[in-house]
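Taking it in order: structure first as structure tokens, then the write-up.
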Amino acid sequence: MICMSKSVEFIEAMLACAQIGAVYVPLDIATPALRLQYIQETLSARFVLCKKGEVIPENSGEMEREILYIDDLLEHEIDDEALNQLRGRILVTDPLYTIFTSGSTGKPKGIITTHLALISFIDAIAEEFSFSSEDSLANQVPFYFDASTKDIYLMCKCGCTMHIIPQKLFVLPKDLMSFLNEKKITRIIWAPSLLCMAANLHAFEKVRPQYLRTVFFVGEQMPTKQMNMWRRCLPDVQYVNLYGSSEVTGSSAYYIIEREMDDTETIPIGSAFHHMELFLLDEKDRLIDKENTVGEICVRGLSLTLGYLNDAEKTDRVFVQNPLIPHYRDLIYRSGDLGRYNEFHELVYICRKDYQIKRMGQRIELGEIEAAVGAVDGIERTCCLFNEKTQALLALYTGDVAPDHIKKEIEKILPQYMLPTRYVKLEDFPLNANGKIDRVALKRQFC
């Protein structure tokens with residue numbers, strides 16, 4: 001278990017573990033105590049790597065653990081013979097790290113990623129987008145979030161320079177853009193929360209990034225309205241939507257935005273990376289290939305992970321035999337995401353299966369309502385919730401817009417049965433540990 005603040009030493013600890021075949025679990029000392037306690041109990045980690053002077057969580061489990069300080073380890077001489085022996089025992093199919101990500105119940109789940117899965121993905125994204133030693137990356141996401149592995153391991157493979165963005169800049173958009181110029185940043189792989197904040201505050205109009213060549217959206221759906229704001233201000237930059245989850249080593253598909261897109265349109269998922277395949281299955285496990293038919297997005301290929309730590313039941317529920325290939329073992333990951341092909345035959349994410357509801361006898365995807373509300377002028381972010389007991393449909397949003405105006409605008413797009421019952425303005429959305437809108441917390445508060 002690596003438990004320290006975001007730093008160069010954190011990366012050194014990760015790479016040291018990878019070199020000796022030790023499975024590492026990245027955690028931040030700022031993680032809430034109850035979350036850390038739950039992860040620690042699930043792990044029963046024998047060793048904890050930390051930095052001197054930083055307070056780590058107390059050991060609540062029965063298993064003894066040894067505290068190792070990275071400061072001391074860096075002073076040790078390297079035993080090349082012992083190191084070579086350890087390296088010689090590592091298989092590409094062995095686990096490399098376990099990332100704990102938020103589950104639908106609010107409890108974190110540990111996802112085990114192999115050397116092979118990560119190598120396959122990093123090779124694919126590096127080749128597809130021609131990363132090189134000339135690139136400079138600005139790391140935004142925490143190291144305990146799988147999106148950070150893109151920054152870290154692209155740096156290792158391609159010789160890119162990676163800069164860790166100071167935390168204080170996340171609330172200073174103008175200074176953040178200045179940081180991009182100061183460090184001559186060419187690529188950013190950021191979560192939509194920060195990209196939307198920069199767009200809503202027009203940060204890049206005050207300080208225009210001069211060296212930026214590619215913007216990747218990662219972690220959750222990027223609102224098209226804010227993406228268009230970036231494109232209008234920085235038209236020569238390449239914009240890429242990355243789709244995937246920790247279960248498939250972070251990203252399994254990408255979509256390069258080349259055509260004009262309306263604010264109400266959903267950015268497609270696009271094509272699978274090399275050695276990966278995405279497809280849709282209907283409720284009877286039949287392949288969907290026609291447009292505008294909703295199905296579950298399934299993934300197969302080299303970047304599939306080993307499943308969930310100490311949870312064989314959940315692993316067996318979503319990592320299953322491919323129903324399209326019954327003749328031999330072929331595992332797929334059932335993502336729980338709903339998708340469809342649009343009129344261009346591009347694969348589009350709609351929403352999670354558990355965000356699909358039935359109201360007034362009609363099947364509704366909450367993502368479609370969120371897209372409509374989010375496209376209204378003045379809306380910054382939005383999230384829709386459904387209360388099954390009361391059948392109330394809530395539209396939560398940030399932005400200086402009156403509910404009556406929102407209703408008037410979305411009535412032009414949505415049928416009557418999809419209109420929210422209530423509109424709730426928030427000062428800001430709560431975010432979970434991975435920087436996504438915390439729907440579990442919102443449901444507890446409003447449903």
Review point. Which one of 365, 258, 277 has the biggest mean-square fluctuation once the chain is modelled by GNM with Cα springs under 10 Å?
Key: 258
Exercise for review: Can you check what the net charge comes to around residue 330, using other residues whose Cβ is under 14 Å from the Cβ of residue 330 (Lys, Arg +1; Asp, Glu -1)?
Suggested key: +1
Review point. Which shape class, rounded, prolate or oblate, goes with region 279-417 when its Cα gyration tensor gives a ≥ b ≥ c as root eigenvalues, a/c under 1.5 marks rounded, and past that a/b bigger than b/c marks prolate?
Key: prolate
**Study point:** Exposure proxy ranking, count of Cβ atoms within 10 Å, fewest first, for 245, 148, 178, 133
**Key:** 133, 178, 245, 148
**Study point:** 15 Å Cα-Cα reach of residue 358 towards aspartates and glutamates, excluding residues that sit fewer than 8 places from it in its own chain
**Key:** 368, 388
Study note, to complete from the structure: Classified through the alpha carbon gyration tensor (a ≥ b ≥ c as square roots of its eigenvalues; rounded if a/c is under 1.5, else prolate when a/b is larger than b/c, else oblate), the chain comes out prolate
**Study point:** Residues with amide H under 5 Å from that of residue 111, placed H, sequence gap 5 or more
**Key:** 99, 100, 101, 309
**Study point:** Extension reserve of the residue 325-residue 353 stretch, reckoned as 0.36 nm per residue once the Cα distance is removed
**Key:** 7.7 nm
Point to revise | Tensor-based shape of region 360-447 (alpha-carbon gyration tensor, a/c under 1.5 rounded, otherwise prolate or oblate) | key: oblate
Study note, to complete from the structure: Relative contact order of region 360-447 (C-alpha contacts under 8 Å, at least 6 apart) in percent is 26 percent
Review point. What net charge is computed for the residues neighbouring residue 186, neighbours being all others with C-beta under 11 Å from the C-beta of residue 186, Lys and Arg scored +1, Asp and Glu -1?
Key: +2
Check your understanding: Do any of 107/290; 290/443; 290/425; 183/436 go past 30 Å between their Cα atoms, and which?
Key -> 107/290; 290/443; 290/425
Point to revise | Neighbour net charge for residue 388 - beta-carbon separation under 13 angstrom, K R +1, D E -1 | key: +3
Check your understanding: Just 43, 347, 154 to compare: in a GNM of the chain, with alpha carbon springs under 10 Å, which one fluctuates most?
Key -> 43
Revision key, fill the gap. Partner lysines whose C-alpha sits under 16 Å from that of residue 184, ignoring same-chain residues fewer than 8 away, are 174
Exercise for review: Could you work out how far the C-alpha centroid of region 391-447 sits from that of region 269-291, in angstrom?
Suggested key: 30 Å
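For residue 91 and residue 424, compute 0.36 nm times the residue count separating them, minus their Cα-Cα distance, and round to one decimal in nm. The partial results should precede the final answer.
Values: separation 333, 0.36 × 333 = 119.88 nm, distance 5.22 nm.
The span from residue 91 to residue 424 would gain 114.7 nm if fully extended.
Order of 3, 158 from fewest to most other C-beta atoms within 10 Å?
So the residues, fewest neighbours to most, are 158, 3.
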Practice item. Check cross-link reach from residue 168 to the aspartates and glutamates: straight Cα distance under 17 Å, and skip same-chain residues fewer than eight apart. Key: 28, 182
Practice item. Could you check what % of the DSSP bridge pairs in the chain are antiparallel, to the nearest 5? Key: 65 percent
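Could you give the longest part of the chain that holds none of the trypsin sites (Lys or Arg not before Pro) found in DSSP loops with at most 13 neighbouring Cβ atoms within 10 Å?
Answer from the scan: 90-258.
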Check your understanding: What percent does the relative contact order of region 191-309 come to when contacts are Cα pairs within less than 8 Å and at least six residues apart?
Key -> 20 percent
Point to revise | Length-normalised contact order of the chain in % [C-alpha pairs under 8 Å, at least 6 apart] | key: 11 percent
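Bear in mind that the values in this text are calculations on the coordinates, not laboratory data. Computed from a predicted model, the values in this text were never measured in an experiment. Positions of Cβ are generated from backbone atoms using ideal geometry, with glycine treated the same way; all protein chains shown enter the neighbour counts.
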